[in-house]
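**Student:** Right, I'll just put the structure down here and ask away after.
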Amino acid sequence: MLTYENGDRREVLEQKEWIQTWIDEATDNATPRIWLIGDSIFVGITHAMPAVTEGKVLVDSLCSSMGADNPHYRAAVELFADMEQTRRVIVLNNGLHGWHLDDESAYPAAYDALVGWLCERFPHTPLYISLTTDVADDHRERVLRRNEAAKAIAAKHGCPVIDMYTVSRQQVEYRSDDGVHFTPPGYEVFCRTLLAAVKENI
């Protein structure tokens, strides 16, 4: 497989590579839309959102296993942007992949470049940075470091921060057995947190 994650390198970065796009109620051009760009946590939020918003807000998403440095990331965003053109806000989350990037320099640099590009590419759409959610394994300290980098990068680019990390720490009873994902009640809490954060722009 000659993908970026499993190409000409010493280690396989991802055993399972995936990308999922979702456009809710595609024929509806009037209801406010939120565009999520992120990982599997945002997949869960995408599917939990209709029960929370009852159709008053729609959520579209581009979710994948790509790290922030993946050269195919921007092409995927461009393709999705051509299909999804009525967004009110964009929310970015990218911290649970790209573990080959060190947290001190490579990850912040890649994340900064991605955020900067999104701000330039969508100058009239508010961009929110969602902190990476907690994990119950040896990546927890790395998540904390990455969240500190994400907060600094958000401040640099003038992007509001949604503290999903703290919320996830409060949802331990809703954590899945894998230590990373959450059950439907947990995702509903994430949905409400996200909606409250972006309310002024939708």
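**Student:** Restricting to the stretch 51-99, count the residues that are under 14 Å from TRP22 (Cβ atoms) and not aliphatic (A, V, I, L, M).
**Tutor:** Residues flagged as under 14 Å from TRP22 (Cβ atoms) and not aliphatic (A, V, I, L, M) within the stretch 51-99 amount to 7.
**Student:** Being in a helix (DSSP H, G or I) and free of Cβ contacts under 8 Å to residues at least 24 places away in the same chain is the filter; apply it to the stretch 174-185 and report the residue that is surrounded by the most Cβ atoms within 10 Å (Cβ to Cβ). Can you show your working first?
**Tutor:** Initial filter on the stretch 174-185 (in a helix (DSSP H, G or I)): 174, 184-185.
Of the ones still in play, those that are also free of Cβ contacts under 8 Å to residues at least 24 places away in the same chain are 174, 185.
Working: TYR174: 17, PRO185: 11.
The selected residue is TYR174.
**Student:** Being out of contact with any Leu (no Cβ under 8 Å at 6 or more places or on another chain) and modelled with pLDDT under 95: is that true of ASN70 here? Explain how you work it out, then say what you get.
**Tutor:** Numbers: out of contact with any Leu (no Cβ under 8 Å at 6 or more places or on another chain): yes; modelled with pLDDT under 95: yes.
Spelling it out, ASN70 is indeed out of contact with any Leu (no Cβ under 8 Å at 6 or more places or on another chain) and modelled with pLDDT under 95.
**Student:** Among (1) within 15 Å of GLY44 (Cα to Cα); (2) in contact (Cβ under 8 Å) with a residue 24 or more places away in the chain, which single condition is GLN171 missing?
**Tutor:** All conditions pass for GLN171, except number (2).
**Student:** In addition: Filter the stretch 101-151 down to residues that are closer than 25 Å to ALA196 by Cβ and among the charged types (D, E, K, R) and give me whichever is surrounded by the most Cβ atoms within 10 Å (Cβ to Cβ).
**Tutor:** ARG146
**Student:** Could you grab me the full set of residues in the stretch 45-88 that are in contact with a Pro (Cβ under 7 Å, 6 or more places away or on another chain) and more than 26 Å from VAL180 (Cα to Cα)?
**Tutor:** VAL57, ARG88
The values are calculated or read from the model by the stated rules, or taken from the named source; none is laboratory data. Everything numeric in this text was worked out from a predicted model, so none of it was measured. Methodologically, a virtual Cβ is constructed for each residue, glycine included, from the backbone with ideal geometry; neighbour enumeration extends over all protein chains shown.
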